[in-house]
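Taking it in order: structure first as structure tokens, then the write-up.
The values are calculated or read from the model by the stated rules, or taken from the named source; none is laboratory data. Everything numeric here is computed off the predicted structure, so don't read it as measured data. As a convention, Cβ positions derive from the backbone with ideal geometry for all residues, glycine included, and neighbour counts pool all protein chains shown. Remember, those area values only see protein heavy atoms, side chains included, never the ligands or the DNA or RNA. Shrake-Rupley method; radii C 1.70, N 1.55, O 1.52, S 1.80 Å.
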Amino acid sequence: MSNVKFYSGENIPLEMHKVRIVQKLNIMPIERRLEALKEAGFNNFLLKNRDVFMDMLTDSGVNAMSDKQMAAMMEADDSYAGSETFTKLETKVGEIFGKTLYLPAHQGRACENIIAQTFVNPGSTAIMNYHFTTTRSHIVRNGGTVEELLNEEGYQVNSECLFKGNMDIPKLRALISEKGAENISFVRFEAGTNLIGGQPFSLANLMEARKVCDEFGVMLILDASLLADNLYFIKVREEQCQDMSIREITRAIANQVDIIYFSARKLGCARGGGICTNNEEHFVKMRELVPLYEGFLTYGGMSVREMEAMAVGLEETMDEDMINQGPQFIAYMTEELQKKGVPVVTPAGGLGCHLNAMEFVKHIPQQDYPAGALAAALYLVSGVRGMERGTMSEERDDNGVEPFADMELLRLAMPRRVFTLSQVKYAVDRIAWLYENRNLIGGLKFVEEPKILRFFLGRLDTNSDWPTALVQKFRSDFGDSL
Ligand code: F0G
């Protein structure tokens, strides 16, 4: 994909796969989209897929599967205990990560539950490059606190920094000394750092963190859910790794950490998850919780068909042509939006294209959820469903105080191998129109606000009737067009 040059000089990502199964899409008129938005309490999570044209909510569990994955699903060995499919998956995880003790779990947050219950004590601190929503909730529920030591550059929406997911190593050393190693539950690195725009860490940074963890005897954990994107970025951006294969880079990363966990809804393009390690003691402790929360040790809440697909998907992740499709489509979308002056997170990361709502709708204050409002407005004018990644995705503290997010982003996820370039161009076109009409967008307020992970199920309303104004402007510019 990356090696094909166009005679015209255009920089277009070329897919190294062909489409063999399709799903029909609908595009509703804007008036229906307004009704749908009201029914969904202005929360994109509550929309029905039949009202959505391009579902860019997430890449989780919606990546396209390969023919080889589908074929493998037919061979699944369905048995409660001792399934041959499990052995195949365990062997593949061991082969890829070099970690032979594998615990199955039904998705990423199930791994987080097991890890947090096992290693987080009340009053302890989990240190990470940046939190993920479910990760933090599990740590806090177990009485721990989260400290983020993202490099300063990671907080800059626009930067030249190629590894915005890196950890600040001097701060890591200082924090462990200050708290005392016995009060640190673990250090966690998140690959393809989700909430700051799918930004990678470098292998060099991880190796430095390992040294510090060794100095203090602290455990290092990798959240590998978004590892595929991170691997690609290390391969193309980190000079010392350019001659390494994706497989070698994967091993080099895995060798630095004590425990790896992942959501296979992202990594491996299936639906499931797991935890792997070479540490017997850790393994035995975590293992107790698997039959309790997930299921027997040879399926862990997953369907054997998905486990077969996962084993093949993990192997396919070692192919650069497979893992570069997402980042290259995202880079294309980001660059096209930049050409039109739309504020986006740069450099383009993995996972999706991220609009900077703080700038896009700078007239909306953070307490009125600018990224949530932008998410609703974009759905309204295009049928494109993105995900708020800003203050709505935060949680109030015990006193009911709402922390403002470091960034207000609208994430437009790019599920792997799902969209065509013309669909991406459509999204760019509508976003550019919305940017020109951004002053019509207003804020949101909660009318039903769950205490935990409120962004999933919360219902909101608008602060004024701004959606009607947007619909009118759309009709005057687009006529009868959908
Ligand atoms: N860690 C990271 C970095 C994630 O991005 C996710 C999920 C999880 C853990 C939890 O995994 O969903 O399988 O339970 N991210 C999804 C998203 C939900 O849309 O970004 P899960």
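Here are some notes:
- Meets criteria (open to solvent by 10 Å² or more (accessible area, probe 1.4 Å) and either out of contact with any helix residue (DSSP H, G or I) (no Cβ under 6 Å at 6 or more places or on another chain) or of a type in the set (Lys, Arg) (or both)) for PHE132: no
- All conditions in (1) within 16 Å of the ligand (Cβ to nearest atom); (2) in contact (Cβ under 8 Å) with a residue 60 or more places away in the chain hold for LEU206, with the sole exception of (2).
- Pairs where the first residue, in the stretch 268-284, is open to solvent by 50 Å² or more (accessible area, probe 1.4 Å) and the second is β-branched (Val, Ile, Thr) and within 16 Å of the ligand (Cβ to nearest atom), C-beta under 8 Å, 6+ apart: ASN279/ILE259
- Qualifying residue in the stretch 396-406 (condition: modelled with pLDDT of 95 or more, open to solvent by 40 Å² or more (accessible area, probe 1.4 Å), more than 17 Å from the chain's Cα centre (by Cα) and under 20 Å from ALA469 (Cβ atoms)): no
- Condition broken by HIS354, with the remaining ones in (1) open to solvent by less than 10 Å² (accessible area, probe 1.4 Å); (2) away from the ligand (no atom under 16 Å from the Cβ) satisfied: (2)
- When the stretch 183-200 is filtered for residues that are more than 17 Å from MET407 (Cβ to Cβ) and within 11 Å of the ligand (Cβ to nearest atom), the ones remaining, listed by number, are ARG188, PHE189, ALA191.
- Residue count for the stretch 157-185 satisfying the condition of being open to solvent by 10 Å² or more (accessible area, probe 1.4 Å), more than 20 Å from LYS235 (Cβ to Cβ) and hydrophobic (A, V, I, L, M, F, W, C): 6.
- Every listed requirement among (1) more than 16 Å from the ligand (Cβ to nearest atom); (2) over 19 Å from PHE456 (Cα atoms) is met by LEU37 save one, (2).
- A search for C-beta distances below 8 Å between a residue of the stretch 398-422 that is outside the structural domain of TYR435 (by TED's automatic domain parsing) and any residue that is surrounded by 11 or more Cβ atoms within 10 Å (Cβ to Cβ), counting only pairs 6+ apart in sequence or on different chains, returns nothing.
- Within the stretch 135-156, the only residue that satisfies the criterion of being open to solvent by 30 Å² or more (accessible area, probe 1.4 Å), more than 14 Å from the ligand (Cβ to nearest atom) and among the hydrophobic types (A, V, I, L, M, F, W, C) is VAL140.
- Annotation note: of GLY82, GLY108, GLY94, GLY123, the sole residue that is away from the ligand (no atom under 16 Å from the Cβ), in the same structural domain as ALA252 (by TED's automatic domain parsing) and within 30 Å of LYS171 (Cα to Cα) is GLY123.
- Among the residues of the stretch 396-418, the ones that are outside any strand (DSSP E or B) and either within 16 Å of the ligand (Cβ to nearest atom) or in contact with a Leu (Cβ under 6 Å, 6 or more places away or on another chain) (or both) come to 6 in all.
- Which numbered condition GLU90 misses (of (1) touching a strand residue (DSSP E or B) at 6+ places or on another chain (Cβ under 7 Å); (2) charged (D, E, K, R); (3) open to solvent by less than 50 Å² (accessible area, probe 1.4 Å)): (3)
- Going through (1) surrounded by 13 or more Cβ atoms within 10 Å (Cβ to Cβ); (2) within 23 Å of LYS339 (Cα to Cα); (3) without any contact (Cβ under 8 Å) to a residue 40 or more places away in the chain one by one, PRO450 falls short only on (2).
- Meets criteria (touching a Cys at 6+ places or on another chain (Cβ under 7 Å), in the same structural domain as ALA469 (by TED's automatic domain parsing) and either surrounded by 24 or more Cβ atoms within 10 Å (Cβ to Cβ) or β-branched (Val, Ile, Thr) (or both)) for VAL344: yes
- Of all residues in the stretch 67-83, those satisfying the criterion of being assigned to a loop (DSSP other than H, G, I, E, B) and open to solvent by less than 90 Å² (accessible area, probe 1.4 Å) are ALA76, ASP77, SER79, ALA81, GLY82, SER83.
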